[in-house]
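Let me begin by presenting the structure, written as structure tokens, before commenting on it.
Nothing in this text is a laboratory measurement; each read-out follows from the coordinates by a stated rule. This is a predicted model, so every value here is computed, not measured. Backbone-built Cβ (ideal geometry, glycine too); neighbour counts: all protein chains shown.
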Amino acid sequence: MASSSTSVVVSNKEKENKNTKKVTLKSSDGESFEVDESVAMESQTIKHIIEDGHYSSLALSLSVKTTMASSSTSVVVSNKEKENKNTKKVTLKSSDGESFEVDESVAMESQTIKHIIEDGCANNEIPLPNVTSGILSRVIEYCKKHKEAAGESEPSVTSYTSNSTTNPLTEWDTEFVKVDQNTLFDLILAANYLDIKGLLDLTCKTVADMMKGKTPQEIRETFHIKNDYTPEEEAEVRKENQWAFE
Amino acid sequence: MLDLEYLPYDVLPDILHGLPVKSLIRFRCVSKSWNSLIASSAFINSNLTRSHSDSNKLIVRYLDAKPHVERYKLIHEDNDNNDSSSEQIQDLKLPLRSRLLSHFQLVGSANGLFCLYDENHFILWNPCIRKYITLPNPSVTGFFPCYLVFGFDSKTNDYKVVKIAYQCVNIGYEGAKPPLVEVYSVSEGSWRVTSAGDSYPPRITIRNWHPQGAYLNGAVYFAAIDWGDAGFVASDWGDASSIVLSFDLGDEVFRVISLPNGKFGLDIRILTSKFKGLLSLICYESRHMGEQYSCSIWVMKEYGIVDSWTKQFTIELNMLHWKVLGFWKNDHVLVQKMQSDGLMLSLYDPESRQVKNLGFCKSTCCSYADKYVENLVLLDKPNGVVS
């Protein structure tokens, strides 16, 4: 285990170093574009020039007009950024000490984790003292599934809907919440703490569906809520809203 | 242990928002803290956006001639069945009668809340929580025509009733005084005279005696006429043109939306409506004397761009005495057909041109039909009169 974590660190650092090395590309009409070397190497032509060492640290002349150069440059840049993002991983650590390595993009389904990463406090391992390993593994499963379905573009911020024409994961979601009530509640707590809207909506709706149609007494019993009404007060509220009991 | 008390306080509202209104009202009896949560304005406001109104339910308002009553029904459309059965129709009772020997005038409806009016007496009614309030009287009264508007200001999460009181017999005349505009806001709980009349464009009259403005995106829209330099005799109508007049509930300002030249003559009956979230016009045009009119639906595809007004489709119904009530289920048209013994409410599909019957009622006319929206608004207000 020690050696594997070492290699992870090394490769990350290599990535970092590569990322900071830059080259300058100069178009035929004299405009210069400074880009990461790794980005420029998307072009096989440039890659060979660099590898052959046939350039100064400054400029490569390209016989392409400015506009074309800038557009192809920007395409290259964004592709590379996407690539880097996709393979980047973070480690989440549950309250009971278990570590889960996940793609950063999947972890960012959680707004809480997203902010930690963006604030630069990630350091590759994020401790989650409020979430046990059993729940965390389920949460990760949810995020992976929803991230896949949403595609590579944005973090999926689709909120849960039982309308299967608008939510292709309705069936999967319905199966996902078929768990015992304690797990369901823990999932709610985790979704709230980690700020994962879709999961929070899904789990809350599941609890709401359990409540529908019950009497106030049944609600108190199922969810252990103390009745702080006096009998007179309760009778009055009930009388005012009698139609809702029919 | 399923102990809700262990849930962070902000999660309980998320759970409760998933419940239908009837359950929420019942659960006011669970405990005092549940009661104050459910009746809090924060919960009421956020509940609207999470509302899961059944998209298969319509609320319909019928008017009877003898006796003069208004009736409200909930009609449930059964997707599989082509007939509607009586258990799909539910009566809703309006808890009070108009003081006059007639029915109220429906000013408008927004998010499931209805505004009704008779003789300077205004009511706001939320049928799904069976609650109404009576508004205090506005201060502006007068003999001259007035128009009433009702809508929802999404910027302030507030419902407003607007009284536009003309100050002369015919506002279309040159030099006519602008109207006085008074606004009631539910959150303020009172009427306030505004300077909105200053933005009322000169020489514009609203068409139709009891227009029901189309409400969308925080403003109400009316079919109107811009008299320009025209006179009022038909032969002088040359310069007059049809336009749409809007009143924005947020900034309380009137604006004009132009219509393409030559397409909407004064002889065409025009009503404003909302089609697929866009401002639309329902136009009835007589073909020849005595023949059934044709009805076309126009939509302004790009807001404010005159050239973007497009004719979406024409409704060809092979029958007499029908009218369009509005739109439902995306692009389907709600139609009222008058029959010898009553009314048939139907749904017309413009693509297939098929008509599906939704429900029959022994009434003289149907004044309103729209999707049923569940909303907790007014829950936190005391019952009945607002002083």
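Annotations for the structure displayed:
- Cα Rg, Dmax (largest Cα-Cα span) when computed across segment B:126-251, Å: 15.8, 53
- Inter-chain Cβ neighbour count for B:33-39, averaged per residue, equals 2 (cutoff 10 Å, partner chain atoms only).
- Computed lengthening from A:Glu221 to A:Glu125, 0.36 nm per intervening residue step minus Cα-Cα distance: 30.4 nm
- Label-to-label distance, B:Asn208 versus A:Asp103, with points set 7 angstrom from Cα along the beta-carbon direction: 5.3 nm.
- Distance between the C-alpha centres of segment B:298-336 and segment A:99-148: 49 Å, rounded to the whole angstrom.
- Calculated from backbone phi, Karplus (6.51, -1.76, 1.60) coupling profile of segment A:94-106 in Hz, x at Gly/Pro: 6, 5, 9, x, 8, 9, 10, 8, 9, 4, 4, 5, 6
- Förster radius 45 Å - calculated FRET efficiency between B:His68 and A:Lys212, Cβ distance, rounded to 0.05: 0.70
- Look at the stretch A:204-210: the mean tally of other chain Cβ atoms within 10 Å of its residues' Cβ atoms is 6.
- Restricting segment B:118-161 to chymotrypsin sites (Phe, Trp or Tyr not before Pro) that sit in a DSSP loop and have at most 12 other Cβ atoms within 10 Å of their own Cβ leaves B:Phe143.
- Estimated from helical segments only, the mean residue ellipticity of chain B at 222 nm is -2000 deg cm²/dmol, where each DSSP H run of four or more residues counts as -39500 (n - 2.57).
- Each of the peptides B:332-338, B:377-383, B:36-42 was scored by the mean count of other Cβ atoms within 10 Å over its residues; in descending order, highest first, they stand as B:332-338, B:377-383, B:36-42.
- Kirkwood hydrodynamic radius of segment B:289-332, from inverse mean 1/r over distinct Cα pairs, in Å: 12.5
- Inter-chain Cβ neighbour count for B:9-15, averaged per residue, equals 5 (cutoff 10 Å, partner chain atoms only).
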